[in-house]
Amino acid sequence: MRKLKIDSVHCKACGLCIRACPKKVLRLRDKINPAGYNYVVLEDEEGCISCACCALNCPDMAISVYKEA
Ligand code: SF4
Ligand code: SF4
C-alpha cells in the first residue's frame, strides 16, 4: 500500500504541490506551523493515486510518497 507523508513543519505554503496534483486532493490548512505558514494537508486520502507529482514539485522536499509493507 502506498502512502503520502507531508512534513508540516517544513512546508512553506508555496502551493506548488497543490497546483501539480492531478486529482486536486491537497489543500492549505487553516492552522499554521511553527514557521507561521498554513501548511498543506491531504484532504481526500481515497482520491490520492500516489503519482508523486506533489513530492517531485516540492522545493523543500516536504512530501514523501512511500510504500507500506
Ligand atoms: S501523490 Fe499525486 S494524487 Fe496524491 S496528492 Fe500527490 S500529486 Fe496528488
Ligand atoms: S510544495 Fe512543499 S512547501 Fe510548497 S506548499 Fe507543497 S508541501 Fe508545502
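For segment 4-42, the set of residues classified as under 9 Å from the mean Cα position of the chain (by Cα) and hydroxyl-bearing (S, T, Y) consists of S8, Y39, listed by residue number.
Is it fair to say C17 is over 17 Å from Y66 (Cβ atoms) and either at pLDDT 95 or above or more than 11 Å from ligand 1 (Cβ to nearest atom) (or both)? Give the derivation first.
Details: over 17 Å from Y66 (Cβ atoms): no; either at pLDDT 95 or above or more than 11 Å from ligand 1 (Cβ to nearest atom) (or both): yes.
No.
Report yes if K12 is at pLDDT 95 or above, surrounded by 14 or more Cβ atoms within 10 Å (Cβ to Cβ) and of a type outside the set (S, T, N, Q), otherwise no. So K12 fits the description; yes.
Cβ separations smaller than 6 Å between residues 6+ apart or across chains give the following pairs from segment 34-53 residues that are touching a residue at least 40 places away in the same chain (Cβ under 8 Å) to residues that are away from ligand 2 (no atom under 14 Å from the Cβ): S50/R2. Filtered by the rule that a residue be closer than 14 Å to I18 by Cα, among the aliphatic types (A, V, I, L, M) and in contact with a strand residue (DSSP E or B) (Cβ under 8 Å, 6 or more places away or on another chain), segment 48-69 gives A52, A55, A62, I63.
Take the conditions (1) at pLDDT 95 or above; (2) over 9 Å from the mean Cα position of the chain (by Cα); (3) surrounded by fewer than 16 Cβ atoms within 10 Å (Cβ to Cβ); (4) more than 8 Å from ligand 2 (Cβ to nearest atom); P59 misses just one of them, which is (4).
The values are calculated or read from the model by the stated rules, or taken from the named source; none is laboratory data. Computed from a prediction, not measured in an experiment: that's the story for all the values here. For neighbour counting, all protein chains shown are included, and Cβ atoms are generated from backbone atoms with ideal geometry for every residue, glycine included.
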